[in-house]
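What follows is a single structure, written as structure tokens, with notes after it.
The values are calculated or read from the model by the stated rules, or taken from the named source; none is laboratory data. This one's a predicted model, so the numbers in the text were calculated from it and none came from an experiment. For neighbour counting, all protein chains shown are included, and Cβ atoms are generated from backbone atoms with ideal geometry for every residue, glycine included. Accessible surface is based on the protein model in full, side chains and every heavy atom, while ligands, DNA and RNA are left aside. Shrake-Rupley method; radii C 1.70, N 1.55, O 1.52, S 1.80 Å.
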Amino acid sequence: MTAITENQEETQVEGRWLQLKKYSRRNPTVAIGLGLLVIMVLVSFIIPFFIADPLRMNPIMRLRPPSDEIWFGTDMFGRDIFARVIAGGKISLVVGVMVALVSTVLGLFIGIVAGYVRVLDAILMRIMDGLMAIPGVLLAIALISLAGASITNVIIAITIPELPRVVRLVRSVVLSLREQVFVQAAISIGMPVWRVLFVHVLPNTLAPLIVQASYICASAMILEAILSFLGAGTPPEVPSWGNIIAEGRTYFQISPWIIFFPGLFLAITVLAVNLLGDGLRDSLDPKIAQRMR
Amino acid sequence: MYVYLIKRAIAVLPVMLVVAVVVFLLMHLTPGDPAAIIAGDYARPEDIARIRKQLGLDQPLHIQFFKWLFAILRGDLGVSIFSNLPVSHLIAQRIEPTIMLSLSTILFSVLVAVPMGVWAAWRVGTSVDRLVMIFAVIGFSAPVFVIAYALVYVFSLQLGWFPVQGYTPIGEDVFGFLRSIALPTFALGMVYIALIARISRASMLEVLSEDYIRTARAKGTSEGSVLMRHALKNASVPIVTIIGIGIALLIGGVVVTESVFNIPGLGRLIVDAVLSRDYPIIQGVILVFSAAFVAVNLLIDLSYTFLDPQIRY
């Protein structure tokens with residue numbers, strides 16, 4: 001009896017594995033993006049247990065170039081750049097994912113309200129237009145300079161400028177859904193509004209939202225690095241990629257590796273998320289591409 | 001036509017009003033006493049009281065807002081807390097490098113990106129197309145300061161072709177200006193090129209599959225004329241639109257680029273103001289940048305009538 005179930009399970013697992021292989025062959029961008037991202041996540045969350053403390057200073061080992069022992073070299077305080085870059089990855093990923101999550105959930109809510117309640121629509125969309133007219137970097141650094149530097153504040157400060165993009169997307173989907181026959185039918189048989197929203201509207205917003213969320217994640221990671229680089233992001237003692245680069249600026253001419261490695265990791269991680277977004281966009285629904293603009 | 005022009009211009013007003021409200025509220029909704037925050041950690045109570053009075057923070061919120069708004073409409077952006085100079089004066093001092101850098105980046109990006117996109121669409125599916133697309137994805141993912149430092153490392157430190165940082169005004173020395181603006185333009189242009197090339201390619205692809213392109217080719221029009229006169233002209237509306245939307249990205253990039261290359265422009269002004277919490281300057285610079293963004297997009301909206309005669313208002 002047990003042997004049979006085990007066997008079944010095995011074939012099921014194999015079947016899934018095969019499906020995965022097929023999917024990635026058909027969507028190479030998703031596979032590459034997701035693969036890179038999984039490596040980044042594993043590296044950022046597991047390796048820190050096995051390597052040096054990213055905050056430990058070692059004045060004798062100042063500004064050492066990369067070598068077999070110290071892979072990425074050390075900075076002006078003798079801190080290990082490899083450990084710091086790995087620690088920075090965790091912060092970047094957390095900020096990116098949190099901003100994507102919060103702005104998607106909030107934007108979904110506001111977008112549905114705007115698309116469904118005519119009176120609020122005009123007001124909400126004017127506010128969103130206004131928010132979109134303020135360049136994101138400026139709005140975010142202004143918010144941070146008042147609220148103070150912390151990771152939570154960075155997430156909030158980046159979410160606010162990203163929000164209008166989600167709201168506009170959700171609203172446009174809701175507006176076109178409202179005209180669809182199946183939604184009209186649901187309303188006409190007296191389905192309560194919340195059920196129409198949950199059963200008919202919400203599932204149809206998911207595909208474009210997932211794609212948009214991945215772009216927001218990528219843009220949030222860049223924004224976080226920019227904010228920290230400008231001195232208005234994560235607190236200076238936190239080893240985020242932007243902070244490491246900002247600290248390395250003074251030593252750039254003699255020790256370029258301090259800037260090179262966090263920069264490279266940032267670019268690769270953002271690239272991975274963007275590839276994932278592009279691939280998902282093409283594989284989920286070719287029509288989304290037009291709406292994203 | 002003129003009715004549309006006026007209508008479109010009026011539609012800008014609520015957007016700018018929201019911008020003004022947001023910029024105003026920035027200072028008043030954040031937790032804590034703005035006067036105490038501005039005064040810093042070592043302020044005495046009388047310093048805080050002085051700043052509160054100087055900023056009018058002792059008055060009701062709506063009165064503060066309208067006073068502030070009317071002052072702005074008169075061109076008075078307030079007074080810097082630290083230097084005690086009028087903010088409009090400080091902005092005027094710093095605006096030239098920012099405008100020059102933005103213009104050179106837009107010019108350079110359009111000149112590079114549009115031909116790239118056209119070429120990729122013309123040779124769709126080939127290695128040229130794939131290279132352009134790979135470049136577009138990478139260019140869009142690499143943060144501006146990472147590109148900037150890579151360029152400085154190669155072209156300034158290793159090859160010595162360009163200065164590491166600094167800015168020479170065009171009025172002083174034209175050649176020096178070009179040398180000082182070259183690397184910032186390349187670095188800032190990368191993301192913009194990626195964006196424009198991508199849209200140019202998509203828009204051209206759509207147009208190239210139209211019947212009139214086949215007709216033009218069938219009647220023996222040269223390929224260059226087909227691409228430029230028949231296709232690109234019809235593909236121009238989305239391209240021009242993305243150039244306008246991309247200005248927001250460009251402004252964010254300008255702030256970073258000016259910091260990397262030590263260019264004394266508006267970006268440096270606002271970063272320094274943020275670090276010293278000089279609030280009137282932060283508000284003033286955000287307003288100026290937002291107004292520029294809205295104005296450019298208004299002009300682009302209006303340009304559609306010239307680009308595409310089918311669009312009539």
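Quick look at the values:
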read-out: In region A:251-266, the residues that are without any contact (Cβ under 8 Å) to a residue 24 or more places away in the chain and surrounded by fewer than 21 Cβ atoms within 10 Å (Cβ to Cβ); value: A:PHE252, A:GLN253, A:PRO256, A:LEU264
read-out: Selected residue (criterion: most open to solvent (accessible area, probe 1.4 Å)) from residues of region A:124-166 that are more than 18 Å from A:SER228 (Cα to Cα) and at the interface with another protein chain (Cβ under 7 Å from one of its Cβ atoms); value: A:ARG126
read-out: When residues of region A:191-234 are limited to those that are more than 30 Å from A:LEU275 (Cβ to Cβ) and β-branched (Val, Ile, Thr), the one nearest to the other protein chains (Cβ to nearest Cβ); value: A:VAL193
read-out: Residue count, region B:46-58 (criterion: modelled with pLDDT of 75 or more and open to solvent by less than 100 Å² (accessible area, probe 1.4 Å)); value: 5
read-out: Options B:ILE243, B:ILE239: the member that is more than 20 Å from A:LEU223 (Cβ to Cβ), more than 10 Å from every other protein chain (Cβ to nearest Cβ) and within 14 Å of the chain's Cα centre (by Cα); value: B:ILE243
read-out: Meets criteria (open to solvent by less than 50 Å² (accessible area, probe 1.4 Å) and in contact with a strand residue (DSSP E or B) (Cβ under 7 Å, 6 or more places away or on another chain)) for B:VAL15; value: no
read-out: Which numbered condition A:PRO239 fails, given (1) outside any helix (DSSP H, G or I); (2) under 26 Å from A:PRO65 (Cβ atoms); (3) modelled with pLDDT under 85; value: (3)
read-out: Any hit, region B:274-296, residues being in the same structural domain as B:ALA194 (by TED's automatic domain parsing) and over 27 Å from A:LEU143 (Cβ atoms); value: no
read-out: Among (1) surrounded by fewer than 19 Cβ atoms within 10 Å (Cβ to Cβ); (2) free of Cβ contacts under 8 Å to residues at least 60 places away in the same chain; (3) not basic (Lys, Arg) - the single one A:ILE210 does not satisfy; value: (2)
read-out: Selection status of B:ALA136, under 23 Å from B:THR98 (Cα atoms) and at pLDDT 85 or above; value: no
read-out: All helices (runs of 4 or more DSSP H) inside region A:92-189 with 1 or more residues being in contact (Cβ under 8 Å) with a residue 24 or more places away in the chain, touching a helix residue (DSSP H, G or I) at 6+ places or on another chain (Cβ under 9 Å) and over 30 Å from B:ALA36 (Cα atoms); value: A:118-133, A:151-178
read-out: Members of region B:218-239 found to be in a helix (DSSP H, G or I) and surrounded by fewer than 18 Cβ atoms within 10 Å (Cβ to Cβ), listed by number; value: B:ALA218, B:GLU223, B:GLY224, B:SER225, B:MET228, B:ARG229, B:LYS233, B:VAL237, B:PRO238
read-out: Residue in region B:136-150 that is assigned to a helix (DSSP H, G or I) and over 30 Å from A:ALA218 (Cα atoms) present; value: no
read-out: Single condition A:ARG84 does not satisfy, out of (1) among the charged types (D, E, K, R); (2) surrounded by 24 or more Cβ atoms within 10 Å (Cβ to Cβ); (3) not in a helix (DSSP H, G or I); value: (3)
read-out: Residue within region B:250-262 that is over 16 Å from the mean Cα position of the chain (by Cα) and either outside any helix (DSSP H, G or I) or more than 9 Å from chain A (Cβ to nearest Cβ) (or both) present; value: yes
read-out: Some residue of region A:174-181 being within 14 Å of chain B (Cβ to nearest Cβ) and loosely packed, with under 15 Cβ neighbours inside 10 Å; value: no
read-out: Residue list for region B:116-140, restricted to those being more than 14 Å from chain A (Cβ to nearest Cβ) and free of Cβ contacts under 8 Å to residues at least 12 places away in the same chain; value: B:ARG123, B:GLY125, B:THR126, B:SER127, B:VAL128, B:LEU131
read-out: Some residue of region B:102-115 being open to solvent by 10 Å² or more (accessible area, probe 1.4 Å), more than 30 Å from B:VAL226 (Cα to Cα) and either more than 10 Å from chain A (Cβ to nearest Cβ) or touching a helix residue (DSSP H, G or I) at 6+ places or on another chain (Cβ under 9 Å) (or both); value: yes
read-out: Residue, nearest to the other protein chains (Cβ to nearest Cβ), within region B:141-161, restricted to residues that are open to solvent by 40 Å² or more (accessible area, probe 1.4 Å) and modelled with pLDDT of 85 or more; value: B:TYR153
